[in-house]
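A short worksheet on the structure shown next.
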Amino acid sequence: MLTSTTLKGETKEGKELYSYQKGAIDKIFKAFDDAPDDYHLLYQLPTGGGKTVIFSEIVRQYLKHHNKKVLVMTHRIELCKQTSKMLSEFNVHNKVIDSKAKLDDQNDYSCFVAMVETLNNRLNDDKLDISDIGLVIIDEAHYNSFTKLFKFFHKSFLLGVTATPLSSNINLPMTDNYDELIVGETIESLIENKFLARAETYSYNVGLTSLVVGANGDYTVKSSEDLYTNHDMLGKLLHAYEETSKGKKTLIFNNGINTSLHVYDTFRTAGYPIAHLDNTHSKKERELILKWFKKTPDAILTSVSILTTGFDEPTVESIILNRATKSLTLYYQMIGRGSRILDNKETFKVIDLGNNFHRFGPWGSDLDWQRIFKSPNYYLDGILNDEEIESNFRYEMPPDVREEFKNSEEVYLDIRELYVSSIRKGESTKTVLEKSIQHHAKICIENSEDVFDALALMKLLGDDIDHRISRYTKCISKSTFNFVEWLKDDYRKKLRSYLRENFDRVFEEIHGHPPED
């Protein structure tokens with residue numbers, strides 16, 4: 001961010017800031033000047049907008065005009081080091097307080113950078129003098145681990161910065177810990193002014209009703225791995241990559257190390273250049289993997305959330321969400337890893353395999369952050385659940401299955417539309433399934449030479465049959481497990497019987513002549 005760059009008429013040399021960043025700093029200092037000493041202010045700016053640059057300049061100006069010290073808190077050691085480096089580039093002499101840091105020289109520094117857990121230990125041990133801290137800055141402020149430290153800074157001005165002012169814990173809303181929110185530039189504005197690349201999203205419908213929500217409000221790793229390591233989902237992932245992002249530098253996000261390893265094996269077997277990264281890798285291993293990823297044009301990197309914050313690689317061209325999440329923050333963080341611009345990069349691909357697009361809307365949509373900050377439950381209660389999302393899915397045959405039905409112009413049947421039509425005509429709801437069976441039989445016969453071919457094709461319709469039964473049971477508001485399972489079995493028996501009894505007749509109606517003996 002600190003190199004010389006020209007974007008839509010704006011030039012940024014050295015530590016010069018863009019106009020929207022200067023405007024944000026002015027707003028923050030005005031709030032600081034007008035507020036009491038213990039005021040808690042929250043500032044929102046999208047990933048890629050330069051939050052670290054903004055608060056580094058705030059630190060520089062604060063130290064210049066105030067005879068007090070500054071503390072910057074982060075939640076990861078990598079962010080500590082990156083923040084310290086950025087502060088140094090702003091000529092802010094700072095000290096990183098990690099587990100190995102000696103504090104006998106702390107009086108020589110006016111700015112400290114610390115990870116939350118390390119800082120908590122040092123403060124409880126009373127080894128760090130914070131009596132002269134006038135400003136506390138919290139990076140990635142939506143994480144709740146910071147709040148336990150607030151009691152130490154009841155006389156300090158506190159500035160939290162985040163891309164998404166929505167707490168990581170629904171039971172601890174940010175409005176309980178911050179007095180005011182200042183909203184920065186929108187993602188759309190940053191895209192329009194060439195500060196961020198535009199996301200082109202490709203959403204693949206995935207059945208998620210097997211997933212379990214854990215105590216933290218998001219899907220559990222166990223249930224996610226059960227779904228995303230099965231053969232069908234790995235095949236869908238590989239197909240989505242080949243259809244949309246083949247040859248592009250790609251980041252794949254998973255929920256679980258085992259899933260990421262399965263992804264690694266799947267892509268390696270298919271002959272693609274891929275590496276796996278998780279938090280068990282050593283620092284040296286991580287550096288080697290990221291160096292390989294940076295220099296390899298068509299590299300694929302599969303990981304587990306470790307790259308959602310503090311990772312900037314502008315050459316990323318494609319993001320794959322190979323997981324579902326109920327966290328708006330995580331959704332924005334993952335996609336944001338692809339939003340960095342380059343001279344020849346104005347767009348990037350997003351492949352969604354977790355129905356996240358349906359749950360949260362497009363990345364960069366016009367969210368009312370003030371309302372979300374003040375009434376988070378109002379926003380969270382409005383998010384569609386998985387059953388509601390999936391009830392609107394249109395079943396699409398996998399390409400290899402669709403190829404077996406290539407003689408049929410249309411293989412989809414809208415069960416809900418058929419149900420409404422039948423009700424309006426005064427017909428029994430059973431006619432919906434009868435017409436569905438006739439349609440399935442027709443597409444099987446259209447692509448067969450004899451009844452044995454048709455019965456073989458019928459076996460490929462399992463997912464489509466289950467989808468139609470699911471839509472039908474929702475229409476009739478009867479969906480107990482035993483009833484649905486019975487209906488699926490009964491449908492298959494009736495379709496099999498229909499094919500045997502009506503093959504010759506339907507074949508002649510389609511082709512104008514009986515099947516050859």
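The values are calculated or read from the model by the stated rules, or taken from the named source; none is laboratory data. Since we're looking at a predicted model, the values are computed, not measured. Positions of Cβ are generated from backbone atoms using ideal geometry, with glycine treated the same way; all protein chains shown enter the neighbour counts.
For PHE483, the test of being closer than 30 Å to LYS326 by Cβ and among the hydrophobic types (A, V, I, L, M, F, W, C) is passed.
Screening the range 423-517 for helices (runs of 4 or more DSSP H) wholly inside it with 1 or more residues that are surrounded by 14 or more Cβ atoms within 10 Å (Cβ to Cβ) and either at pLDDT 95 or above or touching a strand residue (DSSP E or B) at 6+ places or on another chain (Cβ under 8 Å) (or both) returns the ranges 430-446, 451-458, 481-511.
The set of residues from the range 194-236 being assigned to a loop (DSSP other than H, G, I, E, B), surrounded by 13 or more Cβ atoms within 10 Å (Cβ to Cβ) and in contact with a Leu (Cβ under 7 Å, 6 or more places away or on another chain) comprises LYS194, PHE195, LEU196, TYR204, VAL206, LEU211.
Of all residue pairs spaced 6 or more apart or on separate chains, those with beta-carbon atoms under 7 Å, a first member in the range 431-454 that is under 24 Å from TYR472 (Cα atoms) and in contact (Cβ under 8 Å) with a residue 12 or more places away in the chain and a second member that is among the charged types (D, E, K, R) and surrounded by fewer than 17 Cβ atoms within 10 Å (Cβ to Cβ) are ILE437/LYS494. Name every residue in the range 414-436 that is closer than 17 Å to MET397 by Cα and of a type in the set (Val, Ile, Thr), in order of residue number. Answer for the range 414-436, where residues must be closer than 17 Å to MET397 by Cα and of a type in the set (Val, Ile, Thr): just ILE415. Among the residues examined, ALA101 qualifies as among the hydrophobic types (A, V, I, L, M, F, W, C), modelled with pLDDT under 85 and in the same structural domain as GLY49 (by TED's automatic domain parsing). For the range 362-384, a residue qualifies if it is assigned to a loop (DSSP other than H, G, I, E, B) and either among the aliphatic types (A, V, I, L, M) or within 16 Å of the chain's Cα centre (by Cα) (or both), and the qualifying residues are PRO362, TRP363, GLY364, SER365, LEU367, ILE383, LEU384. Please determine whether any residue of the range 321-337 is in contact with a His (Cβ under 7 Å, 6 or more places away or on another chain), closer than 25 Å to ILE389 by Cα and not in a loop (DSSP other than H, G, I, E, B). Within the range 321-337, one or more residues are in contact with a His (Cβ under 7 Å, 6 or more places away or on another chain), closer than 25 Å to ILE389 by Cα and not in a loop (DSSP other than H, G, I, E, B).
Considering SER303, SER260, the condition of being modelled with pLDDT under 95 and touching a strand residue (DSSP E or B) at 6+ places or on another chain (Cβ under 9 Å) is satisfied by SER303 alone. The set of residues in the range 397-414 being at pLDDT below 90 and surrounded by 15 or more Cβ atoms within 10 Å (Cβ to Cβ) consists of MET397 alone.
The set of residues from the range 407-422 being of a type in the set (Val, Ile, Thr) and assigned to a loop (DSSP other than H, G, I, E, B) comprises just one member, VAL411.
Residues being among the basic types (Lys, Arg) and touching a strand residue (DSSP E or B) at 6+ places or on another chain (Cβ under 9 Å) are represented in the range 135-155 by at least one member.
Taking the residues in the range 153-193 that are over 30 Å from HIS66 (Cβ atoms) and of a type in the set (A, V, I, L, M) as candidates, determine which candidate is surrounded by the most Cβ atoms within 10 Å (Cβ to Cβ). Only one residue tops the list, namely ILE187.
Sub-8 Å Cβ pairs linking a first residue in the range 500-511 that is closer than 15 Å to MET458 by Cα and not assigned by TED's automatic domain parsing to the domain that holds SER448 to a second residue that is among the small types (Gly, Ala, Ser) and surrounded by fewer than 12 Cβ atoms within 10 Å (Cβ to Cβ), at least 6 apart or interchain, number zero. When LEU380, LEU367 are checked against the criterion of being free of Cβ contacts under 8 Å to residues at least 12 places away in the same chain, hydrophobic (A, V, I, L, M, F, W, C) and surrounded by fewer than 21 Cβ atoms within 10 Å (Cβ to Cβ), LEU367 stands alone in meeting it. Regarding ALA299, is this residue in contact (Cβ under 8 Å) with a residue 24 or more places away in the chain, under 30 Å from ILE465 (Cα atoms) and among the hydrophobic types (A, V, I, L, M, F, W, C)? Against the criterion (in contact (Cβ under 8 Å) with a residue 24 or more places away in the chain, under 30 Å from ILE465 (Cα atoms) and among the hydrophobic types (A, V, I, L, M, F, W, C)), ALA299 does not qualify. Among residues of the range 273-303 being in contact with a Phe, Trp or Tyr (Cβ under 8 Å, 6 or more places away or on another chain) and of a type in the set (S, T, N, Q), the one that is nearest to GLY247 (Cα to Cα) is THR302.
Restricted to the range 153-193, and to residues there that are outside any loop (DSSP other than H, G, I, E, B) and of a type in the set (Ser, Thr, Tyr), the residue that is nearest to LEU17 (Cα to Cα) is SER189. Here is the figure for the range 404-420: residues that are more than 33 Å from the chain's Cα centre (by Cα) and closer than 19 Å to SER470 by Cβ total 3. Applying a threshold of 7 Å to beta carbon distances and a minimum spacing of six or more residues, or different chains, the list of pairs starting in the range 59-85 at a residue that is not assigned by TED's automatic domain parsing to the domain that holds SER156 and ending at one that is surrounded by fewer than 16 Cβ atoms within 10 Å (Cβ to Cβ) and not acidic (Asp, Glu) is empty.
Here is a yes/no grid of residues against (1) in a helix (DSSP H, G or I); (2) farther than 19 Å from VAL53 by Cβ:
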position	(1), (2)
SER84	yes, no
LEU103	no, yes
VAL113	no, no
LEU119	yes, yes
LEU123	yes, yes
ASP126	no, yes
ASP129	no, yes
LEU135	no, no
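Does the range 244-251 contain at least one residue that is part of a helix (DSSP H, G or I) and surrounded by 15 or more Cβ atoms within 10 Å (Cβ to Cβ)? Looking for residues that are part of a helix (DSSP H, G or I) and surrounded by 15 or more Cβ atoms within 10 Å (Cβ to Cβ), one finds at least one in the range 244-251, hence yes. With the condition kept exactly as written, say whether any residue in the range 212-220 is within 18 Å of the chain's Cα centre (by Cα), within 30 Å of LEU159 (Cα to Cα) and either assigned by TED's automatic domain parsing to the domain that holds PHE32 or among the charged types (D, E, K, R) (or both). Yes, the range 212-220 contains a residue that is within 18 Å of the chain's Cα centre (by Cα), within 30 Å of LEU159 (Cα to Cα) and either assigned by TED's automatic domain parsing to the domain that holds PHE32 or among the charged types (D, E, K, R) (or both). The condition (being touching a helix residue (DSSP H, G or I) at 6+ places or on another chain (Cβ under 7 Å) and under 26 Å from LEU45 (Cβ atoms)) is satisfied by just one residue among ASN144, ASN94, ASN120: ASN94.
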